[in-house]
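I have placed the structure first, in the form of structure tokens, so that the comments after it can refer back to it.
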Amino acid sequence: MTPTKTQQSIDKFARDIDAEVHDSVWGGAKKTSEARYAALERDFPETADKLRETAGKIKQHTLENLDKYLAQAEASLQANGAQVHFARDGDRANEIILDIMKQAGATRMVKAKSMVSEETELAHFLEKNGMSCVETDLGEFIVQIDHDHPSHIVKPIIHKNRRQIAKSFEREGLGEYDDDPETICRRARKFLRDKFLHADVGLTGANFVSAESGRLTIVTNEGNARFCMAANRVHIAIVGIEKLVPTDRDLGLLLNLIGRSGTGQQLTVYSQFIKGPRTEGQPHGPEEMHVVFVDNKRTEVLATNCRDILRCIRCGACLNVCPVYRQASGHAYRSVYPGPVGAVLSPLLAGSRFPELADLPKASSLCGACNEVCPVNIPIPDLLLRLRDKAKREGAKKASAGTPGMGMYALLASQPTAWRGAMSMGKAMNMTPPAVMNIVPAAAAWQSARQLPPWRGGKFRSWMKTRKHAHDA
Amino acid sequence: MNDDRDLIFSNIRKALEPLPERAPYPEWDAEMPICREHPEFAERWDLYAYKLQQVNGTPLRGLKALGEWLVAAGQTFGYCDPKLVDEVRAEPAFAGITLETEFDRARVDEYLFGITLASGAIAETGTVILKDKETSARLGALAPWTHVAILRPERLLASTAEAIASLGDDPSVIWATGPSKTADVEGILIEGVHGPGTQICCLV
Ligand code: SF4
């Protein structure tokens, strides 16, 4: 998508307000995620943007023809011997999965990472219904034993340090305190291997689904999604309806982008292309494959002028590059999707609870970095402005100027002086995300942030006012 | 459940109806996502070996080298694809190595390595391709600390684009690019999380 005139002028405005402010935020932000972003530029010095734009167009085309591609994917999967289910919302998805387990006489699930299962709170639901459900991604496993929430879509425990993890392992009986990362990994390997081998069902998400072949593409680095399909009888994939692409060829392009964008890898270690139950003669792996396509308000998002956000392939690049995300960390977004993508997606997915998250679109200084790194070229700053308008129209209190909420983080993060000022105040240390996230639970961190005195004046504030008027005009 | 299907499809149609036009599918060249930013190599295998090493994988040439590597690493008991076992056993370097051709999941942690056939490999990325129909046992290629993929030279592909074109009708194709790894703990790289900590590709 070509950026609209509004976005360009706003961006230009943001850059013009104070070159120093802008440079320090932008420069600092860029530095940390350089390793990731560089992989794309290093490997495609001339064509990196062309790749991103093409991928964006492919996804946009798919979304705007979703009825066709979803029906095609369904037919392809059925032809491959997989069973396809549809769930209008999270509750329905959970019920379908519980039902599949019951019908298969299954009680134990091993689970790979899936953002949509976070939306539906699947693990919790299954446990409430007498099933065991073990997260097998190392980070997600640690989140699970700590009854915590992921704070990043690719690195769920970016907010934890090894000492905390070692304590959790000790508490869970995984061995004496030892905070050596290698020991932590070996213990998890041993513990989870046993779970893999004794599970009936493996659950995964899918990063992409080819309508042409029905192939689900699942990427991991740890190999846990592979294990979820090696030692058990049933494979269930829970997939948002927006994960489609038209053809297998498109999978190749997107795979080349997701690893580079997310972690700076040419490819993630494991890319799996799964389109049905195991082959005859294969001694291991599921004989039964189910795919649950979940809407959960995606069709509502599709009907808005923010539908571009549904292109998102959950690579995490926009989080890494975002100055607000870095200051606030993931929990401050109070929803499954943090960072720039979450600032757009979370309020939209909240449906009638939109006002509760209406401050999130303000959690951005509109510096444009998220758009620049996005492998599917989503014009996030543009979408944020559209959502701010929506919030204003719907009179959502939290979105109004001057309230703390995420807007505060955005203001502070875009103003190094203001941030430093905040740091020197009484409760200021609580604001340092690593300190905050390491010492107190997320909710408390959020509360303490909200108690900060309102930030007064300054260029950004008056810029905001000017912009508001310009926008109203 | 069928209600949900109908509802979702009707909601999609309703959402898209007001669009004056639908975004077209973009034209793009299959060559576009091929990475060419690497040193020049005389042979495709040399590029492959270079890329595999970059992701901490181990390229080896010939069964002799493999046997010697396993003995040196003290890995003398493992699983081997029954279709490969005669060829492997015929190599003198495997004299001190015990191979089992049936993967017994009750003894999953006893196998120090697993040898299976690679359905292909990708030079551009250092990737091993495993297809379900040609992998004798999924667990044999996944559970042991060391996985050895035996690669026939004619199966080494140049690019991910070629590899996508050759997915065929296999229900489960896996691209493995280096050993299993994580950086979840403080961003520190640890290999061998759930899958192999050592990924060998042996050209035979
Ligand atoms: S919005 Fe773009 S950069 Fe952010 S997670 Fe999604 S795909 Fe990645």
Given (1) open to solvent by 10 Å² or more (accessible area, probe 1.4 Å); (2) at the interface with chain B (Cβ under 10 Å from one of its Cβ atoms), identify the lone condition not met by A:Leu302. (1)
Can you name the condition, by its number, that A:Arg226 falls short on among (1) facing chain B (nearest Cβ under 10 Å); (2) open to solvent by 10 Å² or more (accessible area, probe 1.4 Å); (3) farther than 29 Å from A:Lys190 by Cβ? (3)
Scan the range A:180-195 for residues that are buried (at least 17 other Cβ atoms within 10 Å of the Cβ) and at the interface with chain B (Cβ under 9 Å from one of its Cβ atoms) and jot them down. A:Pro181, A:Ile184, A:Cys185, A:Arg186, A:Ala188, A:Arg189, A:Leu192, A:Arg193
Among the numbered criteria (1) of a type in the set (Lys, Arg); (2) more than 8 Å from chain B (Cβ to nearest Cβ); (3) touching a Ser or Thr at 6+ places or on another chain (Cβ under 7 Å), which one does A:Arg311 miss? (3)
Say whether the condition of being among the hydroxyl-bearing types (Ser, Thr, Tyr), crowded, with 23+ Cβ neighbours inside 10 Å, within 16 Å of A:His235 (Cα to Cα) and in the same structural domain as A:Glu242 (by TED's automatic domain parsing) is met by at least one residue in the range A:137-159. no
Out of curiosity, is B:Asn56 touching a residue at least 40 places away in the same chain (Cβ under 8 Å) and either surrounded by fewer than 19 Cβ atoms within 10 Å (Cβ to Cβ) or at positive phi (or both)? yes
Test A:Leu319 against the criterion of being buried (at least 23 other Cβ atoms within 10 Å of the Cβ), within 13 Å of the ligand (Cβ to nearest atom) and outside the structural domain of A:Glu64 (by TED's automatic domain parsing), and give yes or no. yes
Looking at A:Gln266, A:Gln272, can you tell me which residue is over 19 Å from the mean Cα position of the chain (by Cα), open to solvent by 10 Å² or more (accessible area, probe 1.4 Å), within 30 Å of B:Asp81 (Cα to Cα) and not aliphatic (A, V, I, L, M)? A:Gln266
Considering A:Gln272, A:Gln282, which residue is facing chain B (nearest Cβ under 7 Å) and at pLDDT 95 or above? A:Gln272
Scanning the range A:200-221 for residues that are over 14 Å from A:Ala237 (Cβ atoms) and open to solvent by 10 Å² or more (accessible area, probe 1.4 Å), which turns out farthest from the other protein chains (Cβ to nearest Cβ)? A:Asp200
Any chance you could count how many residues in the range A:77-94 are assigned to a helix (DSSP H, G or I) and open to solvent by less than 20 Å² (accessible area, probe 1.4 Å)? 4
Considering only residues that are over 22 Å from the mean Cα position of the chain (by Cα) and of a type outside the set (Gly, Ala, Ser), look in the range A:127-164 and name the one that is nearest to A:Ala332 (Cα to Cα). A:Gln164
The condition from (1) out of contact with any strand residue (DSSP E or B) (no Cβ under 8 Å at 6 or more places or on another chain); (2) open to solvent by less than 10 Å² (accessible area, probe 1.4 Å); (3) among the hydrophobic types (A, V, I, L, M, F, W, C) that A:Met101 misses is numbered (1)
Looking only at the range A:65-75, which residues are of a type in the set (Gly, Ala, Ser) and either open to solvent by 20 Å² or more (accessible area, probe 1.4 Å) or not assigned by TED's automatic domain parsing to the domain that holds A:Glu212 (or both)? A:Ala71, A:Ala75
Inspect the range B:177-194 for any residue being out of contact with any Pro (no Cβ under 7 Å at 6 or more places or on another chain), more than 9 Å from chain A (Cβ to nearest Cβ) and not in a loop (DSSP other than H, G, I, E, B) and give the result as yes or no. no
Those residues of the range A:323-382 which are of a type in the set (A, V, I, L, M, F, W, C) and near the ligand (Cβ under 9 Å from one of its atoms) amount to A:Val341, A:Val344, A:Leu345, A:Cys370, A:Val373, A:Cys374, A:Val376, A:Ile378, A:Ile380
Could you list, in sequence order, the residues of the range A:66-95 that are facing chain B (nearest Cβ under 7 Å) and either closer than 26 Å to A:Met109 by Cα or free of Cβ contacts under 8 Å to residues at least 24 places away in the same chain (or both)? A:Asp67, A:Asn80, A:His85, A:Phe86, A:Ala87, A:Arg88, A:Arg92
Suppose the filter is away from the ligand (no atom under 16 Å from the Cβ), more than 27 Å from B:Thr182 (Cβ to Cβ), buried (at least 22 other Cβ atoms within 10 Å of the Cβ) and not charged (D, E, K, R); does A:Pro277 pass it? yes
Within the range A:147-158, can you find the residues that are modelled with pLDDT under 85 and away from chain B (no Cβ under 11 Å)? A:Ser151
Search the range A:285-299 for residues being open to solvent by less than 10 Å² (accessible area, probe 1.4 Å) and in a loop (DSSP other than H, G, I, E, B), and hand back the single one that is farthest from the other protein chains (Cβ to nearest Cβ). A:Pro286
Test each condition in (1) under 24 Å from the mean Cα position of the chain (by Cα); (2) in contact (Cβ under 8 Å) with a residue 12 or more places away in the chain for A:Glu41 and report the one that comes out false. (2)
Could you list, in sequence order, the residues of the range A:48-64 that are basic (Lys, Arg) and either open to solvent by 10 Å² or more (accessible area, probe 1.4 Å) or not in a helix (DSSP H, G or I) (or both)? A:Lys50, A:Arg52, A:Lys57
Determine if the range B:181-201 includes at least one residue that is over 15 Å from A:Ala230 (Cβ atoms), modelled with pLDDT of 95 or more and hydrophobic (A, V, I, L, M, F, W, C). yes
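The values are calculated or read from the model by the stated rules, or taken from the named source; none is laboratory data. Because the structure is predicted, anything quoted here is derived from the model rather than measured. Because the Cβ atoms are built from the backbone with ideal geometry, glycine has one as well, and the counts that use them run over all protein chains shown. For the accessible areas, the whole protein counts, side chains as well, though only heavy atoms, and no ligand, DNA or RNA atoms are used. Shrake-Rupley method; radii C 1.70, N 1.55, O 1.52, S 1.80 Å.
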